[in-house]
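Enquirer: What follows is a single structure, and I will ask about it in a moment.
Please treat every number below as a calculation from the coordinates, not as lab data. Note that the coordinates shown come from a computational prediction; the quantities given were computed from them, not determined experimentally. Cβ atoms come from the backbone with ideal geometry, glycine included; neighbour counts cover every protein chain shown.
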Ligand SMILES: [Zn+2]
């Protein structure tokens, strides 16, 4: 059993394409829970391919939509690895 509380470190995760496994973002995710959108100011490294508001992987898979302050993530199009567990 693991209890987590009071950790002050940022958790930088890697957001990967669910189709090809390629990197899309390195993202500073504060807190737990599912990733529904990525704040642009917290994107540490951006590997995505942009076409207007569309955010895609190199393989062409649509990952999300750029809505200005954040990228609204498309469910099931990506996976997160790194500091948080899968799911
Ligand atoms: Zn891909």
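Enquirer: Once label points are set 7 Å from the Cα along Cα→Cβ at both residue 65 and residue 53, what is their separation, rounded to one decimal in nm?
Expert: Result: 0.5 nm between the two label points.
Enquirer: Treat the range 11-82 as a sphere of radius equal to its Kirkwood radius over Cα pairs and apply Stokes-Einstein at 25 °C in a medium of 0.890 mPa s; give the translational diffusion coefficient in µm²/s, rounded to a whole number.
Expert: Rounded, D is 209 µm²/s.
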